[in-house]
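The values are calculated or read from the model by the stated rules, or taken from the named source; none is laboratory data. Not measured: the values here are computed from a predicted model. Please note: Cβ atoms are built from the backbone with ideal geometry, for glycine as well, and neighbour counts cover all protein chains shown.
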Amino acid sequence: MLDKTFDPKSAEPRLYATWEASGTFRPEHVLSRDSHATPFCMVIPPPNVTGSLHIGHALNNTLQDILARYHRMRGHAVLWLPGTDHAGIATQMVVERQLAAEGNVGRREMGRDAFVERIWAWKAQSGGTITQQLRRLGASCDWSRERFTLDEGLSRAVRKVFVELHKANLIYRDKRLVNWDPHFQTAISDLEVETREVQGKMWHFAYPLEGEPIDGVSEIVIATTRPETMLGDGAVAVHPDDPRYTRFVGRQVRLPIADRLIPIIADEYPDPEKGSGAVKITGAHDFNDFQVAARHGLSMISIMDERARMAGPIPERYLGVDRYAARKMVVEEIEALGLLRQIEERVIAQPHGDRSGAVIEPYLTDQWYVDAKTLAAPAIAAVEDGRTVFEPKNWEKTYFEWMRNIEPWCISRQLWWGHRIPAWYAPDGEVFVAEDEASAKAAARAKLGRDVELRQDEDVLDTWFSSALWPFSTLGWPNETQDLKRFYPTSTLVTGFDIIFFWVARMMMMGIQFMDEVPFQRVVINGLVRDERGQKMSKSKGNVIDPLDVIDDLGADALRFSMAILSGARDIKLSKNRIEGYRNFGTKLWNAARFCQMNECTPDAAYDPAAVKETLNRWIRSETVKTAQAVSAALDAADFAEAANVLYRFVWNVFCDWYLELAKPILNGDEGRAKAETRATAAWALDQILRLLHPISPFITEELWDKTAEFGPRRDGLLIEAKWPALSGEWIDEAATAEIDWLIGLVSEVRSIRSEMNVPPSARPPLVLVGAGPLTQERLKRNRDRLCTLARLEAVREAPATPHGAVLFVAGEATAALSVAEYIDLAAEKARLAKALAAAEQDVARIARKLDNADFVARAPPEVVEENREKLAEAEAALEKLKAAAARLKTVS
RNA sequence: GGGCGGCUAGCUCAGCUGGUCAGAGCGUCUGGUUUACACCCAGAAGGUCGGGGGUUCGAACCCCUCGCCGCCCACCA
């Protein structure tokens, strides 16, 4: 016999090991029997190789696993391809921190090779963590195909892509302003910059006009939030139509401190409405100024080094000074010169590195860029014409918005952990891009006519560059593998909206460029998990829910079910409490199975759902079919929340609350056809539940699949190999549904009346039923036994005639002698009846009014009108009955 | 500045194309444990569906407007 609860702690590892050993996670498991099976492929969003499972992973991978298991049961050849990402900057940061904590020398002192070796060591140590944790979640990935972005195959793909894009002029080297992270001392892409609002100041400086004053004006006032950059100013710009300044254009100002002459130029960029209308132009330290400077051929004076300390052609006292110290110095000096005109407090938008938190410095350097604009065009078209669809569809808008305004993608990073850029430089600086050094040498020889010393580019590629290739590189590209042929384009990508730009968009671009086909047919966007108050989870806030803790405490199924049922929202508010509720759901199912087992409801291979006779059994058959249809439809639409909801309600509120309760009198009754049929039907319905629930809660269902067969005929195989229920719509029996619905309504009414009885609970008789509606003596008689069970009563007797039509009263021994009148609280009954009468009258009036309305009859759909006619008839009938009941009640009292 | 999402019972949310919904879970309160389940069962209280206006025979659902809240994008000194 089953225990009272499921013990996930002992069962889950055992079950997972069984699955993994069975080979069912591999598509070959299906393909070996059916080589034409429909392929279904997903690539995992690769987690950081040295990371550990957080709640976001739990959500994302639960949803993927649900799809994987669902499609597997549908007989598809499912490949869910796992892997990890080297996560360049993140991993390098972690290891650097470790070095610091251990008091070791920093990476620069250590040298590149030693440092990279150190990261590999860290990867070897911690790299298996997250994949083990995914197993604990139940993820049915094909581990035999696990990949890593830095493994040999993927590295080869990266080099080939780089070389080909370079050949096609879609990758190029350029000197322009980049977002420079002074902490990591690397360039980062626009996406890695986080703008934060901070309280800052705006300083107004006067720049003295060189030469004669104009109309008595001898200075131009500019405003800046970054005074230190003035040392690099190349001009002062004013709007060409600004009447205050047009006459100054062409003149020069003397840049204070730097003591240089710079021109006053006219450009559309300055907004006359803002500030003084005159803007200092620092081409090498501001993105806007860069463009202005470029338009006017101004020299770009770089005045900082890679650590954001002052450098370059500036007064000696500034050399090597940190930018913020320099800011202070500049302000003091300007003030001393009498040129400080104003200081404004204001909120300014300041760019920060998303990893380091350091304030980003626009910095003029040579970097490698991808021509994203060109690659984006077909990627936009692919979504426009539906070759790839987003679910929910709204996200397409976000995708379009970004793709249509895309900027060149800076892909080089001054880091050591990552794919080294396959470019080699000759001594004279000429660059040779090739897949390996030998090819680069050959190219150099061909070009220069002799062998030269080549030096490989020091930089590595942005992590997202290799991730962008993930859907085809993991399938074996550039080799033309069987997998690539079979599984590309992949079927569905499940990921968070926070990486639509970072990842999804770039996969679209690269996939189409190199495979001539979209990388995935559907993108399912999942929400972000937050705490119960909607706050982002973070260690510093201490509101983190660790999925591993949850699995330890409540089991993986509880976590998974929670993830599924909450997944509809964009912000998923999670609390432990909530997960507990879904653990309870598992227990409920477990106990239903336990009940079935106790009553010898064992699966019967010969069972034919089409042949059942009992109303109750025809009803649960119908409900099961409807549920299966709803769950299938929901999963097809990637509506996990709906699927989970439907199952929750079916299992708890239909199967347990009503079917099993109504089945009790039969199961407790005499042996016979009805009892045998009910046993078999209960077992059958439970089986269907296990199948339908398996994708969401694989562990408990697998365990029950095994246990429920203990006393019956042995099952062959695991639930994970079982087929998704294919239930005929013809098994839906509306007559049975109506019958049982009536019964359920009846019992509910009984319970309600009983609880409203105006006597102390202890004196309350077990049950009194008043039927003012379509209740008849015959029906009551027919269902007497079932009602008895439902109300947990010992006996049922028929009532004599009552004021309300039929009355069923039921009593235990102690109250058997009481009369009907004592059972019923007449006052309460009158009030009820009055209320019902009023409601019924209103009903009739409302519907009648509606039907009298010519406009409604003319304009509403005919079936709606017809429906209303029927409703009217029903309402009128109900009203009549109530009136009769009321009349009789009157006579009694 | 642009865009997206939200504002429904104390809390978290359902409510899919306007015509049985004003709903569910949790929490609260009341009552219930001799054999499926107290991780349970039965019941109760609780909401002018953010404000205002409009369209309609009829609006939580459509339109306008206002108000908060959250997120994303944006080069403004």
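Table for the structure above
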| read-out | value |
| --- | --- |
| Meets criteria (part of a strand (DSSP E or B), more than 14 Å from A:D233 (Cβ to Cβ) and in contact with a Lys or Arg (Cβ under 9 Å, 6 or more places away or on another chain)) for A:Q367 | yes |
| Answer residue from segment A:399-417, given it is of a type in the set (A, V, I, L, M) and more than 26 Å from A:T91 (Cβ to Cβ) and is nearest to RNA strand B (Cβ to nearest atom) among those | A:I406 |
| Tally of residues being near RNA strand B (Cβ under 9 Å from one of its atoms), of a type in the set (D, E, K, R) and assigned to a loop (DSSP other than H, G, I, E, B) across segment A:197-228 | 1 |
| Members of segment A:689-734 that are touching a residue at least 12 places away in the same chain (Cβ under 8 Å) and over 36 Å from the mean Cα position of the chain (by Cα) | A:A709, A:E710, A:F711, A:G712, A:P713, A:R715, A:E730, A:W731, A:D733, A:E734 |
| Filtered residue count, segment A:303-362, keeping only those that are surrounded by fewer than 17 Cβ atoms within 10 Å (Cβ to Cβ), part of a helix (DSSP H, G or I) and of a type in the set (A, V, I, L, M) | 2 |
| Of all residues in segment A:1-29 being within 16 Å of RNA strand B (Cβ to nearest atom) and part of a loop (DSSP other than H, G, I, E, B), the one that is modelled with the lowest pLDDT | A:M1 |
| Count - residues of segment A:601-642 that are in a loop (DSSP other than H, G, I, E, B), exposed (fewer than 15 other Cβ atoms within 10 Å of the Cβ) and within 16 Å of RNA strand B (Cβ to nearest atom) | 1 |
| Any hit, segment A:30-41, residues being at pLDDT 90 or above, assigned to a helix (DSSP H, G or I) and either surrounded by 14 or more Cβ atoms within 10 Å (Cβ to Cβ) or in contact with a Leu (Cβ under 8 Å, 6 or more places away or on another chain) (or both) | yes |
| Residue list for segment A:558-600, filter: more than 8 Å from RNA strand B (Cβ to nearest atom) and among the β-branched types (V, I, T) | A:I565, A:I579 |
| Single residue of A:G128, A:G103 found to be surrounded by fewer than 16 Cβ atoms within 10 Å (Cβ to Cβ) and over 30 Å from the mean Cα position of the chain (by Cα) | A:G103 |
| Candidates A:L31, A:L15 - the one that is among the hydrophobic types (A, V, I, L, M, F, W, C) and within 17 Å of A:L554 (Cα to Cα) | A:L15 |
| Given (1) under 30 Å from A:D451 (Cβ atoms); (2) within 16 Å of RNA strand B (Cβ to nearest atom), index of the condition A:R420 fails | (2) |
| Answer from A:D604, A:D571, A:D553, A:D608 - the residue that is charged (D, E, K, R) and in contact with a helix residue (DSSP H, G or I) (Cβ under 7 Å, 6 or more places away or on another chain) | A:D604 |
| A:M304 vs. criteria under 45 Å from the mean Cα position of the chain (by Cα), at pLDDT 90 or above, within 26 Å of A:P182 (Cα to Cα) and away from RNA strand B (no atom under 13 Å from the Cβ) | yes |
| The listed residue being within 15 Å of A:G138 (Cβ to Cβ) and in a loop (DSSP other than H, G, I, E, B), out of A:L59, A:L53, A:L67 | A:L53 |
| Residues (surrounded by fewer than 19 Cβ atoms within 10 Å (Cβ to Cβ), within 14 Å of RNA strand B (Cβ to nearest atom) and not in a loop (DSSP other than H, G, I, E, B)) located in segment A:237-289 | A:A266, A:F287, A:N288 |
| Qualifying residue in segment A:325-343 (condition: touching an Asp or Glu at 6+ places or on another chain (Cβ under 8 Å) and within 26 Å of A:L191 (Cβ to Cβ)) | no |
| Among (1) farther than 30 Å from A:T495 by Cβ; (2) surrounded by fewer than 14 Cβ atoms within 10 Å (Cβ to Cβ); (3) not aliphatic (A, V, I, L, M), the one test that A:F6 misses | (2) |
